Each structure stands twice: as structure tokens, then as C-alpha cells.
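Input: a single structure, listed below in C-alpha cells.
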Amino acid sequence: MIAPTVSTSIDVDALYRALATPRAIEEKMLHLIRQGRISKWFSGYGQEAIAVGTAWALHEQDYILPMHRNLGVWTTRDVSLRPLLCQLFGREGAFTKGRDRTFHFGLPEQRIIGMISHMAAMLPVACGLGQALQYKQEEAVALAFCGDGGTREGDFHEALNLAAVWNLPVVFLVENNGYGLSTPTYEALAETEIVSMASGYNMPGRSVDGNDIFGVIEAVTNARETALRRGPVLLEMRTFRMRGHEEASGTAYVPDEKMDTWAERDPVERLEEYLRVAGGWADDDLNALQSDIATTVNDAVEWALDQPPIESTPEDESAAVYAPHEPHGEAPPLEADLDDGTATAERRYIDALTDALDEALAADSDVLMMGQDIAEYGGVFKVTDGFVDHYGPERIRNTPIIESGAIGAGLGLAIEGLRPVVEMQYADFISCGFNQIVNNLAKTHYRWGQPVNVTIRAPYGGGIGAGPFHSQSPEAWFCHVPGLKVVMPSTPRDAKGLLHSALHDPNPTLFFEQKKLYRSIRGEVPSTPYRIPLGEARTVRDGADATIVTYGLGVHWALDEAAHWAEAHDRSIAVIDLRTLVPWDKATVRASLSETSRVLVLHEATRTAGFGAELAAEITEDHFELLDAPPIRVAGADTPIPATQELEETTFSAQSDLRDAIERLLAY
């Protein structure tokens, strides 16, 4: 048996109880599986010293972002065992109310932020937490766990680079157990000494015996101090998982000699040997303490298993998807509540966005912005021009080219109560951050009730000859994902009011800005801050013969066509600007259909599976009795967007098909 590093400054009695508790739970879980009382368990047997030692070394104000084998983090931070076991068993009283399993949840009050299933996705979140702690000048760090398998993910590298560039107080801890599920590390990494990656990001790195709990405590203690003084640290903890990826997986892929070697390094047995030799403990002392721990665990397990299965209703589940809309702080008044004499000024679409952001930054120091080239350069479209001079680099931050890392950091900032605005240089590039949006931001409130006030600004759309990678309208990707809100203003007045609402909404909001409109349209805009509620459409033109339901650039196409039909054919066409796609205003659409009995759905994006398909389906299903003709969809072609404007206008754009479609609708 390899002896642990000697330490004389630690309460070893309490430390042994902390280490032996997750081991006792591990052993109990294995018995339950063999008895058929539970069906699944993701074991961390043999790795307990890392989780326990890390939680022991950190301060209570420090954040820990564990993975699903780090049971010892939760028990060492004194998370109540009964609800924790209810969480693991899916019983009433579970932290996530049955909405997620194992440790996929957070307890911000105990500074624990659990993972999602996607490897390394929480490392950028740790960067955001570290950024928030740094911004608030708190003496605390964020420590994020990652497996050796997760080091192959892009989020790992984006997070390390971001933390290094910004000198964030973050510790990255890699549990290197030699396997990503069953694939050996040497088959997946060109450099198996993971600690060597630290030098590539100009941060300190250290390789640690992860089965020596004293060594873990000492390494994490030092890393914490370094992170506070100098910036991020990478720790590689060498360890081994003695059970399968999950219990049913087994360990047949591991050579027997490796199992034997690591059994000699068992962290619990090493601490027990230390207690016998250095602490003078007798076997009777250990046995008595083990028995006491086992009794506590057994009682809690049996209590949790006796709890009823979780029950819910569709209404309760739907209500959990979004945080209740309570505006952050002193919110601007609603547009409808502005005084009649409120001053207005003619503003371009882009000016209205700049005004809203400027007003929000001036009113609340919790508003932070980050994105590529948004500081000194002012963003590629100059929406944030001059902001860094007024608000400083701590609030207006250039990020590296890391869409996923920036969005994940936004989640960390939001957990700390800040209001981050993340700018995508082009909406097309949002695909690089897709996982963070649809799996992390969107699902967080549903799973554990955490509000996520993150606004993602995304310039989208065609009309400027920018080609297939700078012209897409990807709104439909996100309308499909519960938990997100999707906003697409068409006028300067709406852009300002809706952006203020997005900034005050406690849910992740994608704010799409049609870049052709930036400098091509003007309108009267109130000179003071105001909000337009998300989910309220605007009837921009009344009509009796047909209704066009649209948003974004489509509103301007629709108004032009409605004017043509009124002048040339004496036909009256209503135009409804949805403004918000999630949620969308069904009542306003129905009211118009009750007058016109015909509907055309129009959008700039590609036709197949575009949001117009959802609109047409909902209208048909809910309002069939009002219709005198089938709904018609007019949308972009099912092709990538050509680079030349002439080709875009003649082969892709929905505008070229609009007049013929209206004629068909009216003639039906």
C-alpha cells in the first residue's frame, strides 16, 4: 500500500468521515443494483479523494462545478443527504423534481453548479463565474471539474484560453483516469500528459496523485491562491475508476494488471493506513466509525427509497420552462405607459439598438457586454461604437473567437446575478455556440429553477449580397427549443423597446437584428427608455380581404405589397408584425383572421421547416373554421443564399414570390 503525503494541519478524524461517506454510498449503491432495487449508477469508486479533497480545500464562497461522479463534492459541502438521495433515485423531494437525474443541477446557495451531459460544457460557465467574482472584487474562485475525455472537446480549450486571456480566478481540474468511457487516453490524445496543455495557454499546471487526499488538498489550496493572485491554473489529477462507466458497462476493457495496480492505491485504504501508522488509530476505532457512517447512509437510503415517485402535471411542467417575468431592478416603463408628451427623435434601426444598450449600461452596472471586436472597434456594424470609452473594458469586453465559450461564460455571469449581453458577429456563427444555447441556457431553469438573464444579439438575414455564411436567418433552429425566447424586430421603435424587455427578462433571449435594416430605415423613437412586452404582435396595417403574418424584413415587403394591392386592385390586406416568435401572439392573429378569413405567412428564411410552417399549422389547427382558403407560405428558397445580390433577389428571396402568392390567395 502506497502511503499518503503526510500532513499535520488537518483534522484527520473529520477528513476520514468526509472521505468514507461517499465510499459508503458507493458500496450501498452497488448492493442496490445487485438487488434490483435501482437500475443505474455512475460510479466514482476509487476517485473519491479528488472530490472530497477539492471541496475540503476550497472556501465556502468558492464555486465548484462537479461532474456526475463527484459525489464527494456534495457530501463534503454538507448537502442534505436525504434530498440528495431522492435526487439520485427520482423520488419526491428531489432537487430537480424529476426533471433531470444524478448531479445535473445546481445549488447556488452552496456554490455548487452541476453539469449537463455534454462534456466540458461547464468550463466556460466557470469562466463566467470567475469573471463575475473578479468584477465584484470578491475573494473567491471557480473550480471546474473535467474528465480526460472532456479535454478533447472545444469548450475545454475555449475556456482555458478565455480564462488565461482575462486572468480569471478559475481552477481547471482534470480527473485523468485513463479512459473516456472505454477508449484509452493514449488512443484519443496525442499528448497524454494533460498537464502539459497548461503551457499552451500560459498558465501554471501541476500533475497530482489524485488518490492521495492530502496531496489533493495541498494542490487545490495552492491553486486557489495562485488563481486569486495571478489567474487560472490547470490541475491534472491522476486516478482510476474501479467500476464501469455505469455499472452495466463493466470493466472488461481494462487489463487485470491495471486493476490490481490501482487497487493498491485505493484512496480510502491509504488514508486508513495513515491513521493507523501516524494517528495511532486501532482497527476497532476505524470499524466503529465505518459502522456509524454505514448506518447513517443506510437509514438515509431506505428513507429515500420509501418516498413516493415524483408526480406532476403538464401544466406544472410547462410552467417550469421559463422563469416568471419579474423585471430586473428598476425596469423602464412600458411603451403604453409613456406620457403623451414624451419626446421622440428620428432614429435609424441601428441607432435605436445603440440607444437601448447605452441606456441599459448607464442605468445598471450589472449589465455587461462581450463579443468579438465590440470594444475599441465598436463591433463590425458599429452598434457598440464608443461604449468602451464610457463604460470601461471590464463591462465592454472583446472576446477571442469563441462563440461557445462566450455564451457559456454568459451563463456563469447570469448565475451570479449579472445581465450579460453576448454579441454574435453574425447570426450565421451562432451555430458554433449551439450546444451552450440549446442544452445549457435553455434547460437550466426547467431543471433547477435558476433564472438565466442572457441576451444574445445576432445580426441576421440577407439583402446585402453577403453570401451563404453571412446571410442566413436561423430563427427556426431556436424556436424549436423550449426555454428560449426569440425576438425579431422590424422597426427602430420596436427594436429599442423590445431590446429593453429582453435585457430585463430572466430567461435566455435571442435577439435577431436584420442587418439590411440597420441603416436603411428610420422612424420616430421615444428618447427615453421604454419596454415593449415580448409576445405582443402589432397590427401595422388593417385589412378586410387577407392577412399577412410576418416579421423582420418581411414586414416591409408586406407593407409594400399591401400598398400595391390597395392602389392597383382596391384590395385591403392586413399586415401583422409578430415582433416576437417565442412566444408569439395568437390572439392578434385570430382577431385579424376573423375579419379577413385568408392568411399568408411570410418570412425571409428558407421555406422547409421554417417558422412559417409552425404558424400555418397552428392557424389551420386552431382557426380552421375562420378560413375561406388554405394558408399560403411564402419563404426563401431551399438553397444556400447566393453571394451576388442579383442571384439572391431572383433565385432565393421570398419577396419575388409574394405578389403571385397573394393573387392565388385572393382568387381561391
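The values are calculated or read from the model by the stated rules, or taken from the named source; none is laboratory data. Everything quoted here is computed from the prediction, not taken from an experiment. Glycine gets a Cβ as well: all are built from the backbone with ideal geometry, and neighbour counts include every protein chain shown. Side chains are part of the model used for accessible areas, which takes the heavy atoms of the whole protein and leaves out ligands, DNA and RNA. Shrake-Rupley method; radii C 1.70, N 1.55, O 1.52, S 1.80 Å.
Quick notes on this one:
- Note on region 57-86: residues that are crowded, with 24+ Cβ neighbours inside 10 Å and either basic (Lys, Arg) or under 19 Å from Glu225 (Cβ atoms) (or both) total 5.
- Where a residue in region 366-385 is under 19 Å from Ile430 (Cα atoms) and aliphatic (A, V, I, L, M) and its partner, wherever it lies, is modelled with pLDDT of 95 or more and open to solvent by 10 Å² or more (accessible area, probe 1.4 Å), with Cβ under 6 Å and at least six apart: Met370/Arg397; Met370/Thr399; Ile374/Glu423; Val380/Gln425; Val383/Thr354
- Single condition Tyr391 does not satisfy, out of (1) within 22 Å of Thr491 (Cβ to Cβ); (2) among the aromatic types (Phe, Trp, Tyr); (3) open to solvent by 10 Å² or more (accessible area, probe 1.4 Å): (1)
- Qualifying residue in region 161-170 (condition: surrounded by 20 or more Cβ atoms within 10 Å (Cβ to Cβ), free of Cβ contacts under 8 Å to residues at least 40 places away in the same chain, of a type outside the set (Ser, Thr, Tyr) and not in a loop (DSSP other than H, G, I, E, B)): no
- Pairs meeting the criteria (first residue in region 175-199 and part of a helix (DSSP H, G or I), second residue small (Gly, Ala, Ser), beta carbons under 7 Å, at least 6 apart or on different chains) are Thr185/Gly178; Ala188/Gly180; Val195/Gly205; Val195/Ser207; Ala198/Gly205; Ser199/Gly205.
- Criterion applied to Glu326, Glu317, Glu273 was being out of contact with any helix residue (DSSP H, G or I) (no Cβ under 6 Å at 6 or more places or on another chain) and farther than 30 Å from Leu498 by Cβ, and the one residue passing it is Glu273.
- Checking region 395-409 against the condition returns a match, with at least one residue being more than 24 Å from His504 (Cβ to Cβ) and open to solvent by 40 Å² or more (accessible area, probe 1.4 Å).
- Enumeration of residues in region 614-638 that are in contact with a strand residue (DSSP E or B) (Cβ under 8 Å, 6 or more places away or on another chain) and free of Cβ contacts under 8 Å to residues at least 24 places away in the same chain: Ala616
- Evaluation of Thr354 against (1) free of Cβ contacts under 8 Å to residues at least 40 places away in the same chain; (2) hydroxyl-bearing (Ser, Thr, Tyr); (3) over 30 Å from Ile521 (Cα atoms) (one fails), failing number: (3)
- Pairs, first within 13 Å of Tyr426 (Cα to Cα) and open to solvent by 30 Å² or more (accessible area, probe 1.4 Å) in region 469-490, second not in a loop (DSSP other than H, G, I, E, B) and not β-branched (Val, Ile, Thr), C-beta under 6 Å, six or more apart: Phe469/Asp428; His470/Asp428; Gln472/Asp428
- Tally, over region 625-665, of residues that are open to solvent by 20 Å² or more (accessible area, probe 1.4 Å) and either part of a helix (DSSP H, G or I) or among the basic types (Lys, Arg) (or both): 16
- Region 117-145 - residue that is out of contact with any helix residue (DSSP H, G or I) (no Cβ under 6 Å at 6 or more places or on another chain) and in a strand (DSSP E or B) and, of those, farthest from Gly180 (Cα to Cα): Leu143
- Scope region 567-584; condition within 19 Å of Pro489 (Cβ to Cβ) and either open to solvent by 20 Å² or more (accessible area, probe 1.4 Å) or not in a loop (DSSP other than H, G, I, E, B) (or both); matching residues: Val575, Ile576, Asp577, Thr580, Leu581, Val582, Pro583, Trp584
- Given (1) out of contact with any Pro (no Cβ under 7 Å at 6 or more places or on another chain); (2) surrounded by fewer than 22 Cβ atoms within 10 Å (Cβ to Cβ); (3) more than 26 Å from Ala164 (Cα to Cα), number of the condition Asp494 does not satisfy: (2)
- Qualifying residue in region 96-106 (condition: touching a Gly at 6+ places or on another chain (Cβ under 7 Å), among the hydrophobic types (A, V, I, L, M, F, W, C), assigned to a loop (DSSP other than H, G, I, E, B) and over 20 Å from Leu228 (Cβ atoms)): yes
- Scanning region 591-604 finds one or more residues that are more than 27 Å from Gly462 (Cβ to Cβ), modelled with pLDDT of 95 or more, loosely packed, with under 14 Cβ neighbours inside 10 Å and in contact with a His (Cβ under 9 Å, 6 or more places away or on another chain).
- Summed over region 329-347, residues that are in contact with a helix residue (DSSP H, G or I) (Cβ under 6 Å, 6 or more places away or on another chain) and open to solvent by 40 Å² or more (accessible area, probe 1.4 Å) total 2.
- Lys496 at pLDDT 95 or above and in contact with a Phe, Trp or Tyr (Cβ under 8 Å, 6 or more places away or on another chain): yes
- Every condition in (1) crowded, with 17+ Cβ neighbours inside 10 Å; (2) out of contact with any His (no Cβ under 6 Å at 6 or more places or on another chain) holds for Gly612 except the one numbered (2).
- Search result, residues across region 499-513 that are outside any loop (DSSP other than H, G, I, E, B) and in contact with a Phe, Trp or Tyr (Cβ under 8 Å, 6 or more places away or on another chain): Leu499, His500, Ala502, Leu510, Phe512, Glu513
- Residue within region 372-394 that is hydroxyl-bearing (Ser, Thr, Tyr), within 28 Å of Ser117 (Cβ to Cβ) and at pLDDT 95 or above present: no
- Residue selected from region 516-529 under the condition open to solvent by less than 40 Å² (accessible area, probe 1.4 Å) and in contact with a Ser or Thr (Cβ under 8 Å, 6 or more places away or on another chain), by the criterion nearest to Met488 (Cα to Cα): Leu517
- Single residue of region 30-55 satisfying the filter (under 28 Å from the mean Cα position of the chain (by Cα), at pLDDT 90 or above and hydrophobic (A, V, I, L, M, F, W, C)) that is surrounded by the fewest Cβ atoms within 10 Å (Cβ to Cβ): Ala55
- Meets criteria (surrounded by 20 or more Cβ atoms within 10 Å (Cβ to Cβ), out of contact with any Leu (no Cβ under 8 Å at 6 or more places or on another chain) and among the aliphatic types (A, V, I, L, M)) for Ile619: no
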